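K.L.:
Let me begin by handing over the structure; questions about it come next.
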Amino acid sequence: MSDLQAPLRPKRKKGLVDFLVQFRWIFVIFFVLPFSALYYFLIYLGDVRSEMKSYKQRQKEHDENVLKVVKRLKQRNPKKDGLVCTARKPWIAVGMRNVDYKRARHYEVDLSAFRNILEIDKQRMIARVEPLVNMGQITRVTVPMNLSLAVVAELDDLTVGGLINGYGIEGSSHIYGLFSDTVVAYEIVLADGRVVRATKDNEYSDLFYAIPWSQGTLGFLVAAEIKLIPVKEYMRLTYTPVVGNLQDLAQGYMDSFAPRDGDQDNPEKVPDFVEGMVYSPTEGVFMTGRYASKEEAKKKGNKINNVGWWFKPWFYQHAQTALKKGEFVEYIPTREYYHRHTRCLYWEGKLILPFGDQWWFRFLLGWLMPPKVSLLKATQGESIRNYYHEMHVIQDMLVPLYKVGDALEWVHHEME
């Protein structure tokens, strides 16, 4: 793959839609950001209200909501009502994919009530949650207990149901696998109205292994039991810069968490978290994280970085400073580390608000970030929607570790 030539493609002519996209930040600042902040606040109040209820009360409400789903399904007439799908509007989903199948004839079932944490079982080390529970909600509950999901997606808005039915792969996946690999049981409502609990070793084991990546086509997920792990108050994060060609960057990434002697089971050699960012075809920064206690983090000489504050530099830009100052270490509060990319939506924030990373904007309006993705999608219109669909790429890929370099070269060649 190293002999790939630089891509040669004709320059695209710009039109009105390019102008609308370029100046969309005006609409985002005066409409999307304020309404996003209000929306987040109302959701937070709802979560707090839910957390004030006993687990027994939450379970009772869950059972009642499941019965509503079953009743709705049994009212369906297969001959005229079309395919079954959730009533959630396509623009609410965090993903950028055009969900056009919901424009066709279909039979909607409302699952909007399924957003409660049903139980945190410290003895079994299991969190039982409904599918619309998001990452911000669950870490707010578990991290103060020094517990966490084994695999935590970085964006607050990503939901349990989306990470299971799609797929979630995050910074601890080199140890625990995909998000769905940490699930021990699913509660599913099938198309005929039956409610089943699927585990890897019961009569519904085939369903247990088929649900991940199924995109919700096999039934309605109404609850999941997910593994918890013990965590500490801080993440000790090491930033390591690598300069070279794309193959060199790939090797730097592999070396950051995959011992060359193959001793992958040695916790001294394998970090709890790993992340790599490639800033150009010749520059990248690779980060390894290990859980650390409050006592360790606050020792004299150690640097604590509260990356969650609204005025702080965006995380991917902060990491980029390692290219100038060399390798360095700092301690980040665990929950703030988990959601380090939320405020700037990775690098998408810069595309939405070109000056959003400037110190003055972060200080004055950074507390309003991020804009709600669903509101961005709901207000973009058909032309901008199609523009992003054709011109913008947000894509997860799974490749064998030894193919990372080739994958980087291929993507660089094909997508610049």
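K.L.:
Can you give the accessible area of SER173, probe radius 1.4 Å, in Å² rounded to 10?
P.N.:
20 Å²
K.L.:
Going 7 Å from the Cα of SER280 toward and past its Cβ, which residues in the stretch 343-378 have a backbone nitrogen under 18 Å from where you end up?
P.N.:
Taking a point 7 Å out along Cα→Cβ of SER280, no residue of the stretch 343-378 has its backbone N under 18 Å.
K.L.:
Can you flag which of LYS122/LYS294; LYS60/LYS122; LYS71/LYS122 are past 30 Å Cα-Cα?
P.N.:
From LYS122/LYS294; LYS60/LYS122; LYS71/LYS122, over 30 Å: LYS71/LYS122.
K.L.:
What part of the accessible area of the stretch 55-230, given as a whole %, is carbon or sulfur when the probe is 1.4 angstrom? Don't skip to the end; give the middle numbers.
P.N.:
Numbers: 4510 of 8530 Å².
Whole-percent figure for carbon plus sulfur exposure: 53.
K.L.:
In addition: Percent of accessible area on the stretch 363-416 owned by carbon and sulfur, 1.4 Å probe? Could you put the intermediate results ahead of the total?
P.N.:
Details: 1940 of 3320 Å².
For the stretch 363-416, the apolar C and S fraction of the accessible surface comes to 58 percent.
K.L.:
Continuing with this model, one more query. Roll a 1.4 Å probe over the protein chains and send me the accessible area per residue for the stretch 55-230 in Å².
P.N.:
Numbers: 8530 Å² over 176 residues.
With all protein chains present, the stretch 55-230 gives 48 Å² per residue.
K.L.:
Let me ask you something else. Which entries of LYS232/LYS377; LYS80/LYS200; LYS299/LYS324; LYS227/LYS269; LYS56/LYS227 have Cα-Cα distances beyond 32 Å here? Spell out each step's value before the answer.
P.N.:
Working: LYS232/LYS377 37 Å; LYS80/LYS200 36 Å; LYS299/LYS324 26 Å; LYS227/LYS269 24 Å; LYS56/LYS227 21 Å.
From LYS232/LYS377; LYS80/LYS200; LYS299/LYS324; LYS227/LYS269; LYS56/LYS227, over 32 Å: LYS232/LYS377; LYS80/LYS200.
K.L.:
If contacts are Cα pairs under 8 angstrom and at least 6 residues apart, what is the relative contact order of the chain in percent? Could the numbers behind the result be given before it?
P.N.:
On the way: 641 pairs, mean separation 76.6, N = 416.
Value for the chain: 18 percent.
K.L.:
Related question: Measuring from label point to label point, each 7 Å out along Cα→Cβ, what is the LEU190 to PHE355 span in nm?
P.N.:
Here the answer is 5.9 nm between the modelled labels.
K.L.:
Expressed in nm to one decimal, what extension gain is obtained for the pair LEU83 and TYR176 from 0.36 nm per residue of sequence separation less their Cα-Cα distance?
P.N.:
Between LEU83 and TYR176, full extension yields 30.0 nm more.
K.L.:
Obtain the nm distance between the two label points defined at TYR209 and LEU67 by a simple spin-label model: each point lies 7 Å from its Cα along the Cα-to-C-beta direction.
P.N.:
Going by the 7 Å Cα→Cβ label model, 3.6 nm.
K.L.:
Please compute the length gained on full extension between LYS14 and ARG124, using 0.36 nm multiplied by the number of residues separating them and subtracting their Cα-Cα distance.
P.N.:
Values: separation 110, 0.36 × 110 = 39.60 nm, distance 5.75 nm.
33.8 nm is the gain from fully extending LYS14 to ARG124.
K.L.:
So what is the accessible area of the stretch 276-321 per residue, in Å², with the probe set to 1.4 Å? Mind dumping the intermediate values first?
P.N.:
Details: 2420 Å² over 46 residues.
That works out to 53 Å² for each residue.
The values are calculated or read from the model by the stated rules, or taken from the named source; none is laboratory data. Computed from a prediction, not measured in an experiment: that's the story for all the values here. Reconstructed Cβ throughout: ideal geometry from the backbone, glycine too, with neighbour counts over all protein chains shown. Side chains included, ligands, DNA and RNA excluded: accessible areas come from the protein's heavy atoms. Shrake-Rupley method; radii C 1.70, N 1.55, O 1.52, S 1.80 Å.
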